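Notes to accompany the following structure.
The values are calculated or read from the model by the stated rules, or taken from the named source; none is laboratory data. All values derive from a computational prediction rather than experimental measurement. We place every Cβ from the backbone using ideal geometry, glycine too, and count neighbours over all the protein chains shown.
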Amino acid sequence: MTHDDYAQHDAIGLAKLVADRQVSAAQLLDAALARIEAVNPKINALNHLFAERARTEIANGLPDGPFHGVPLVLKDLYMAYAGEPTANGSRFWAANIPSRSSELFERYRRAGFAIFAKSATPELGYSATTEPAASGPTRNPWDLSRTAGGSSGGAAAAVAAGIVPMAHASDSGGSIRIPASCCGLFGLKPTRGRMPMGPERGESSAGLGTAHAISRSVRDSAALLDISAGPDLGAPYGIAPPARPWRDEVGADPGTIRIALVVDLPGGDAVHKDCRDAAQDAAALCEALGHHIEPAELPIDRLLLAAASSVVSATLVRTLVEARAQQLGRSPADGELEPHIVALVEAGRSIDAADYLRAIQYFQKANRDLAAFQTRYPVILSPTLAQPPVPLGMLHAAAADVRTRSTAFAPYTALANITGVPAMTVPLFDNAEGLPIGTQFMGRFGDEALLLRLAAQLEAARPWKDRRPRI
């Protein structure tokens, strides 16, 4: 199977080829591996292959699910495949070999995927770029000098470069949407409580985190959600299931949506003209499709939210590192943790329980305030990022002002994590340099259906499947 034959199909399309016996699962895996050999040395998207294990799974017979035979890569961040490393982008976790698999992995396996690799992530997922010391920088296939985003940068680069049509990803502050925007792809962050986090974790990042995928097509994302969503055994909370399969929302009429257009940021932070233009262009397209667009301001104190987020992040990182140290029976050696993680651990040690509780209470207030706002505006449109994909090194952990730079790069995405609402980035715009610029849409809590209807409408109006980097 040539790369051109392989790359013209999304995951659903590849699964149909296998079902129709036009191609075998082994041939699809061979096509993915050939593409890895051709492009991964340039982009450094994947950090661990277990292709022979995947070949054995294929030979033994993959489950007869809706994605039977389709190659898939897993993000190397708290996504366990028993017997394979889960290094979390960190030298301190390099020898971490889980003895049992994540529930989400099991659901992917039952769907018939041929799972064969792990994708790169920054250390513990705490960065808007994927440049970990453990495995080196992941490069954007559209411009090898620029970031692929983070923390699912390896996943996005692998999809953009044509290694796989869709890749597992996760998102605690924008980590699906940031790299999808940088790499010209569709990325959906589901609602809090929608996805399984077990069996090793009760929830991800104090409820901020969730998992799903970065994909070329909207229908792949919807179909993957159908086979993977729902609480697992012992989950701390759940959410009402959809009224019908999400795949059925793709192509369904979204009706006329009242959409709030939010571009300017409180405090006068700069928004790059390209990102502003992308949002305005998306708003014009939505209006042309019959939706109602109103410029608006969010009822959120961004400075208070940023302060609360800092408290929660530092507490979480301290807890993760101390749990790993207890597991190993030793503290991290010099150089086993990157400087920004060490700084977060130290900051976490100065935070008491009352500080943490106040931060969580502010998150909950923001959730109430946003929910009230969304009674008028079911969808909120904004740039995904405030800057185009930046050069590698600008957001690297070693930069002295990395937190300030990261906030300036991605100020729009974290609110959806804090409030738990679903959000997506849609690749509708390229700048004059040919770099993709994504547009974010946030929906109401539990309403992935409306976002998927809108995404499919936008995809049909301005198809992006043939816009691919030459690499």
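Tabulated results
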quantity	calculated
Candidate set from segment 166-187 (those that are part of a loop (DSSP other than H, G, I, E, B) and within 8 Å of the chain's Cα centre (by Cα)); member that is surrounded by the most Cβ atoms within 10 Å (Cβ to Cβ)	175
Any hit, segment 44-53, residues being of a type in the set (Lys, Arg), touching a Gly at 6+ places or on another chain (Cβ under 9 Å), modelled with pLDDT of 95 or more and buried (at least 16 other Cβ atoms within 10 Å of the Cβ)	no
Residue 15 more than 28 Å from residue 136 (Cβ to Cβ) and in contact (Cβ under 8 Å) with a residue 12 or more places away in the chain	yes
Filter result for the condition that a residue is in contact with a Ser or Thr (Cβ under 9 Å, 6 or more places away or on another chain) and hydrophobic (A, V, I, L, M, F, W, C), over 235, 169	169
Of residues in segment 278-291 being crowded, with 17+ Cβ neighbours inside 10 Å and not polar (S, T, N, Q), the one farthest from residue 425 (Cα to Cα)	291
Residues being in contact with a strand residue (DSSP E or B) (Cβ under 6 Å, 6 or more places away or on another chain), under 14 Å from residue 438 (Cβ atoms) and among the aliphatic types (A, V, I, L, M) - total across segment 175-217	5
Residue ranges of helices (runs of 4 or more DSSP H) in segment 1-117 with at least 1 members of a type in the set (S, T, N, Q), on the phi < 0 side of the Ramachandran plot and out of contact with any Leu (no Cβ under 6 Å at 6 or more places or on another chain)	25-43, 51-60
Single residue of segment 89-104 satisfying the filter (out of contact with any strand residue (DSSP E or B) (no Cβ under 7 Å at 6 or more places or on another chain) and under 17 Å from residue 199 (Cβ atoms)) that is surrounded by the most Cβ atoms within 10 Å (Cβ to Cβ)	102
Cβ-Cβ under 8 Å pairs, at least 6 apart or on other chains, segment 219-248 side in a helix (DSSP H, G or I), far side surrounded by 15 or more Cβ atoms within 10 Å (Cβ to Cβ) and of a type in the set (S, T, N, Q)	221/215; 224/215
Enumeration of residues in segment 188-206 that are part of a helix (DSSP H, G or I) and under 15 Å from the mean Cα position of the chain (by Cα)	205
Residue check, residue 415 crowded, with 21+ Cβ neighbours inside 10 Å, in contact (Cβ under 8 Å) with a residue 40 or more places away in the chain and farther than 17 Å from residue 302 by Cβ	no
Odd one out for residue 76 among (1) of a type in the set (D, E, K, R); (2) at pLDDT 95 or above; (3) more than 21 Å from the chain's Cα centre (by Cα)	(3)
Every residue from segment 1-36 that is surrounded by fewer than 17 Cβ atoms within 10 Å (Cβ to Cβ), basic (Lys, Arg) and within 27 Å of the chain's Cα centre (by Cα)	16
Sole residue being assigned to a helix (DSSP H, G or I) and more than 26 Å from the chain's Cα centre (by Cα), chosen from 346, 294	346
Criterion violated by residue 320 - all others in (1) part of a loop (DSSP other than H, G, I, E, B); (2) within 23 Å of the chain's Cα centre (by Cα) satisfied	(1)
Options 56, 2: the member that is at pLDDT 95 or above and among the polar types (S, T, N, Q)	56
Segment 114-138 residues that are under 13 Å from residue 170 (Cβ atoms) and surrounded by 24 or more Cβ atoms within 10 Å (Cβ to Cβ), paired with ones that are acidic (Asp, Glu) and modelled with pLDDT of 95 or more (beta carbon under 6 Å, 6 or more apart)	118/76; 121/76
Filtered residue count, segment 227-260, keeping only those that are more than 29 Å from residue 204 (Cβ to Cβ), hydrophobic (A, V, I, L, M, F, W, C) and surrounded by fewer than 19 Cβ atoms within 10 Å (Cβ to Cβ)	1
Criterion: hydroxyl-bearing (Ser, Thr, Tyr) and not in a loop (DSSP other than H, G, I, E, B) - qualifying residue of 377, 412, 362	362
Exclusive hit being over 25 Å from residue 188 (Cα atoms), modelled with pLDDT of 95 or more and either buried (at least 21 other Cβ atoms within 10 Å of the Cβ) or among the basic types (Lys, Arg) (or both), set 376, 349, 368	349
Which listed residue, of 65, 61, is exposed (fewer than 13 other Cβ atoms within 10 Å of the Cβ) and modelled with pLDDT of 95 or more	61
Residue that is surrounded by the fewest Cβ atoms within 10 Å (Cβ to Cβ), among those in segment 297-307 that are part of a helix (DSSP H, G or I) and more than 22 Å from the chain's Cα centre (by Cα)	303
